[in-house]
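S.K.: Sharing a structure below in structure tokens format, with a few things to ask.
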Amino acid sequence: PAIFPVQLAEQCIKVSGVKSGIVLDPFMGTGTTAIAALNQECKYIGFDVDSDYITFANRRINADD
């Protein structure tokens, strides 16, 4: 596991210079990067090999709506 704050992922998206786009996270985990992408008005694609992580991430993302 690599837990990090949403703000760190947001900073990474900001420094990319892309104002809107799609963020790819091939190791989605708990969905932190997806939430950061949504906060920056970007779309995201995320996947993980662990279905429990995907379930948790989907709940977390939908709770932020």
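The values are calculated or read from the model by the stated rules, or taken from the named source; none is laboratory data. Please read these numbers as outputs of a predicted model, since none were measured by experiment. Every residue, glycine as well, gets a Cβ built from its backbone with ideal geometry; the counts of neighbours run over all protein chains shown. Note: accessible area is taken over every heavy atom of the protein model, side chains too, but ligands, DNA and RNA are not part of it. Shrake-Rupley method; radii C 1.70, N 1.55, O 1.52, S 1.80 Å.
S.K.: Select from the range 34-48 the residues that are touching a Phe, Trp or Tyr at 6+ places or on another chain (Cβ under 7 Å) and open to solvent by less than 30 Å² (accessible area, probe 1.4 Å) and list them in ascending order.
M.R.: Within the range 34-48, Ala34, Ala37 meet the criteria.
S.K.: Can you tell which of Ser20, Ser51 is touching a strand residue (DSSP E or B) at 6+ places or on another chain (Cβ under 9 Å) and exposed (fewer than 12 other Cβ atoms within 10 Å of the Cβ)?
M.R.: After applying the criteria, what remains is Ser20.
S.K.: Could you run through the range 3-17 and say how many residues are surrounded by 12 or more Cβ atoms within 10 Å (Cβ to Cβ) and within 18 Å of Phe56 (Cβ to Cβ)?
M.R.: So the count comes out to 3.
S.K.: What are the pairs, 6+ residues apart or on separate chains, where a residue within the range 1-21 that is without any contact (Cβ under 8 Å) to a residue 24 or more places away in the chain has its Cβ under 7 Å from a residue that is of a type in the set (A, V, I, L, M, F, W, C) and open to solvent by less than 100 Å² (accessible area, probe 1.4 Å)?
M.R.: That search, which allows pairs on different chains as well, returns Ser20/Cys42; Gly21/Cys42.
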